[in-house]
Amino acid sequence: MIVGIDLGTTNSLVAVWHNDVSVLVPNALGQVLTPSVVGLDDEGRILVGQAARERLHTHSTLTAALFKRHMGSAHTVQLGTKSLRPEELSALVLRSLKEDVERTYGEPVTEAVISVPAYFSDAQRKATRIAGELAGLKVDKLINEPTAAALAYGLPQHGKETSFLVFDLGGGTFDVSVLELFEGVMEVRASAGDNYLGGEDFDQVLAERFIQTQRDQPGFAPAQSIAHALRREAERVRQALGQETASEFVLRVNGQTLRERSRSASAPSDMGH
């Protein structure tokens, strides 16, 4: 069986072609998004996905995230006594996705198509292929993420020879690509982006602002001791602001509830009223 995998900076997912449609495969928790986080439990066993993410702030020396940003480099991550390269960490995520498909469909998964950012260098692409091989997958093809987005949207079926923009705002990166459709072939003509601008960075800004406005409140705990709760609430507020013009940041610290109102960039301002 061959699968399609989006190996993301913060979340990854896998899909199969079943009954003439693409189907996202849920993980053991019933969710289609698997956090791209790897860690060790207290006994030294490997954790992947949500279980590892829950320990990201409470056991930071035993947990790794955002390692896609270092693909193709000599960067290593220390997890306890283990020193792991980004491709080795990515392989653990890929293997977890592979096992989710095998558990769901009862068939061995041997091949994969993996999406990568259009700006990925040869070294980054090679590291992605190595990650697939380490996970027990033959990487049949690496497809540029903007091309995958255009295919999913059905642009080739429009039949028009044209150029178009694809904006990819992910959990860890923001990429903009110019694609050209000519005689049924799509080509990435230009691509640029910021490898450190995404949902994770927005969460950090929201958390920092909350600390800045609330740290003088009596009994406010040191930021490090409430880091996990801060990031979880920041993520909730960020997601809410994607749907609403305003949301409330609520954090319970030492028996008291702290609140701050947050607005989206498109929301009308109360300044001057």
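The values are calculated or read from the model by the stated rules, or taken from the named source; none is laboratory data. Given the structure is predicted, the values throughout are model-derived calculations rather than measurements. For neighbour counting, all protein chains shown are included, and Cβ atoms are generated from backbone atoms with ideal geometry for every residue, glycine included. Only protein heavy atoms, including side chains, enter the accessible area calculation; ligands, DNA and RNA are left aside. Shrake-Rupley method; radii C 1.70, N 1.55, O 1.52, S 1.80 Å.
General remarks:
- Among the residues making up region 15-33, those that are of a type in the set (S, T, N, Q) and more than 15 Å from Ala51 (Cα to Cα) are Asn19, Ser22.
- Residue check, Ser225 among the polar types (S, T, N, Q) and in a strand (DSSP E or B): no
- Summed over region 27-44, residues that are touching a residue at least 12 places away in the same chain (Cβ under 8 Å) and open to solvent by 50 Å² or more (accessible area, probe 1.4 Å) total 5.
- Scan of region 78-124 for residues that are under 25 Å from His57 (Cα atoms), without any contact (Cβ under 8 Å) to a residue 12 or more places away in the chain and small (Gly, Ala, Ser), ordered by number: Ser83
- Annotation: Asp20 fulfils all but one of (1) within 24 Å of Ser115 (Cα to Cα); (2) over 13 Å from the mean Cα position of the chain (by Cα); (3) surrounded by 17 or more Cβ atoms within 10 Å (Cβ to Cβ); the unmet one is (3).
- Subset of region 7-17 [open to solvent by less than 60 Å² (accessible area, probe 1.4 Å) and either under 21 Å from Pro117 (Cβ atoms) or at pLDDT below 95 (or both)]: Leu7, Gly8, Thr9, Thr10, Asn11, Ser12, Leu13, Val14, Ala15
- Every test in (1) free of Cβ contacts under 8 Å to residues at least 12 places away in the same chain; (2) within 23 Å of the chain's Cα centre (by Cα); (3) open to solvent by less than 100 Å² (accessible area, probe 1.4 Å) is passed by Arg232 save one, and that test is (3).
- Of all residues making up region 172-198, the number that are assigned to a loop (DSSP other than H, G, I, E, B), surrounded by 14 or more Cβ atoms within 10 Å (Cβ to Cβ) and either among the hydroxyl-bearing types (Ser, Thr, Tyr) or in contact with a Phe, Trp or Tyr (Cβ under 7 Å, 6 or more places away or on another chain) (or both): 3
- In region 228-248, the residue that is modelled with the highest pLDDT out of those that are outside any helix (DSSP H, G or I) and among the charged types (D, E, K, R) is Glu248.
- Evaluation of His75 against (1) in contact (Cβ under 8 Å) with a residue 24 or more places away in the chain; (2) within 27 Å of Leu40 (Cβ to Cβ); (3) in contact with a helix residue (DSSP H, G or I) (Cβ under 7 Å, 6 or more places away or on another chain) (one fails), failing number: (1)
- Matching residues in region 78-116 - criterion: being open to solvent by 10 Å² or more (accessible area, probe 1.4 Å) and part of a strand (DSSP E or B): Gln78, Lys82, Ser83, Leu84, Glu111, Val113, Ser115
- Single match in Arg53, Arg69 (criterion: within 17 Å of the chain's Cα centre (by Cα), open to solvent by less than 40 Å² (accessible area, probe 1.4 Å) and farther than 16 Å from Arg95 by Cα): Arg69
- Every residue from region 125-153 that is modelled with pLDDT of 90 or more, farther than 23 Å from Met1 by Cβ and out of contact with any strand residue (DSSP E or B) (no Cβ under 7 Å at 6 or more places or on another chain): Lys126, Ala127
- Candidates Pro108, Pro156: the one that is modelled with pLDDT of 95 or more and either among the aromatic types (Phe, Trp, Tyr) or more than 19 Å from Leu7 (Cβ to Cβ) (or both) is Pro108.
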